[in-house]
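Structure, as structure tokens:
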Amino acid sequence: MKITEHLKKSNGKTLFSFEIIPPQKGTSIQELYDNIDPLMEFNPPFIDVTTSREEYVYIDRDGLLDRKITRMRPGTVGICAAIKHKYEVDTVPHVLCGGFTKEETEYLLVDCHYLGIENVMALRGDAMSHQKYFEPTKGGNEFASDLVVQIKNLNKGKYLHEVIEATNKSDFCIGVAGYPEKHIEAPSLESDLKRLKQKVELGADYVVTQMFFENKKYFEFVKKAREFGIDVPIIPGIKPIAVKRHLQLLPQVFKIDLPEDLIAEVEKCKNNKEVRQLGVEWCIEQSKELLAAGVPVLHYYSMGKSDNIKAIASQVF
């Protein structure tokens, strides 16, 4: 079922969902199941599965370093299919511009269609670790908006090199990202909203936001988005802070601000166990306020660990 259909079926009730990352190569999928199992009692209608782009690794060959390119966490589509089969829940694979040619993207989408996966998250992706700025893959899409166009074209039977009179066309529901504190490369929030509106006009069906730690930023973002004419569902993405290092890591990686009172409380914590508990409590209060406001979904960035998400959901749902 499409995400938009799940939202209509909910009749205004806030749904619960979460996002996971694929295990590293050579790691059993069982650990992933062990972290999904405790969250199934909250009846998630869908689960997002991230996609990691390629990175360079250096292999020592007789004293000489050989640079190779690899993906440390492949298997997004396979994991989506496995979760869909095991739990009978819809899955949303993340589809990236970075690291994929348009042909590879088309093959991935065809695989999703064959597997009965009806939803995809269209993202540009990040720059590689050695790049200062994002550089599109040769033969790949440059922007998430280009990716949205490719997916919509496939839904119409327009493949890269031909139009096919398909008797069983794909009909993907397309999600895109929104940034309450603007994308790092956007010169202003207004220009970022123009890009978001373009993605919606090209065919995006819903938006999931970047994490935020002050609900006011989400509410203001939604208000401005509506003023821009963006009328699709805007799902808040939230993440509980878990370790003291997040004070530096989250603003650095995601270019977000942390509230001063949250920073002060984290700095008082004696260890990461206390930080994790504080993160749970903060996220519970965030979730309750968002729930009271009638958001369509509370979408949690679990990163594969479920104990804190379960503690939060137990107090909210």
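The values are calculated or read from the model by the stated rules, or taken from the named source; none is laboratory data. These numbers were taken from a predicted model, which means no experiment stands behind them. Please note: Cβ atoms are built from the backbone with ideal geometry, for glycine as well, and neighbour counts cover all protein chains shown.
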* Qualifying helices (runs of 4 or more DSSP H) (wholly inside region 249-317; at least 3 residues being free of Cβ contacts under 8 Å to residues at least 60 places away in the same chain, surrounded by fewer than 15 Cβ atoms within 10 Å (Cβ to Cβ) and not hydroxyl-bearing (S, T, Y)) -> 260-268, 272-292
* To do: Out of G175, G125, G157, G140, report the one residue that is within 18 Å of K102 (Cβ to Cβ) and at pLDDT 95 or above.
  => G140
* To do: Could you give me the residue pairs with C-beta distances under 7 Å whose first residue belongs to region 75-98 and is in contact (Cβ under 8 Å) with a residue 40 or more places away in the chain, whose second residue is among the basic types (K, R) and in a helix (DSSP H, G or I) wherever it lies, and which are 6+ apart or on separate chains?
  => D90/K84; T91/K84
* Y58, sole failed condition from (1) at pLDDT below 95; (2) under 23 Å from A204 (Cβ atoms); (3) not in a loop (DSSP other than H, G, I, E, B) -> (2)
* Could you please find all residues in region 218-230 being of a type outside the set (S, T, Y) and touching a residue at least 40 places away in the same chain (Cβ under 8 Å)? => F219, E220, F221, A225
* **Members of region 183-204 that are charged (D, E, K, R), buried (at least 19 other Cβ atoms within 10 Å of the Cβ) and touching a Lys or Arg at 6+ places or on another chain (Cβ under 9 Å)** => D192
* Answer yes if at least one residue in region 222-237 is in a loop (DSSP other than H, G, I, E, B) and over 22 Å from the mean Cα position of the chain (by Cα), and no otherwise. => yes
* Answer with yes or no whether E41 is surrounded by fewer than 17 Cβ atoms within 10 Å (Cβ to Cβ), at pLDDT 95 or above, farther than 25 Å from Q210 by Cβ and charged (D, E, K, R). => yes
* Could you grab me the full set of residues in region 72-109 that are farther than 22 Å from F143 by Cβ and of a type in the set (A, V, I, L, M, F, W, C)? => M72, V77, I79, C80, A81, A82, I83, V89
* Members of region 152-175 found to be in a helix (DSSP H, G or I) and touching a Ser or Thr at 6+ places or on another chain (Cβ under 8 Å), listed by number -> L154, N155
* Is it the case that some residue within region 66-82 is modelled with pLDDT under 90, acidic (D, E) and under 18 Å from the mean Cα position of the chain (by Cα)? -> no
* To do: Could you grab the pairs with beta carbons closer than 8 Å, sequence gap of 6+ or different chains, first residue in region 120-143 and closer than 26 Å to T91 by Cα and part of a loop (DSSP other than H, G, I, E, B), second one among the aliphatic types (A, V, I, L, M) and modelled with pLDDT of 95 or more?
  => R124/L96; R124/A144; R124/L147; G125/L96; N141/L147
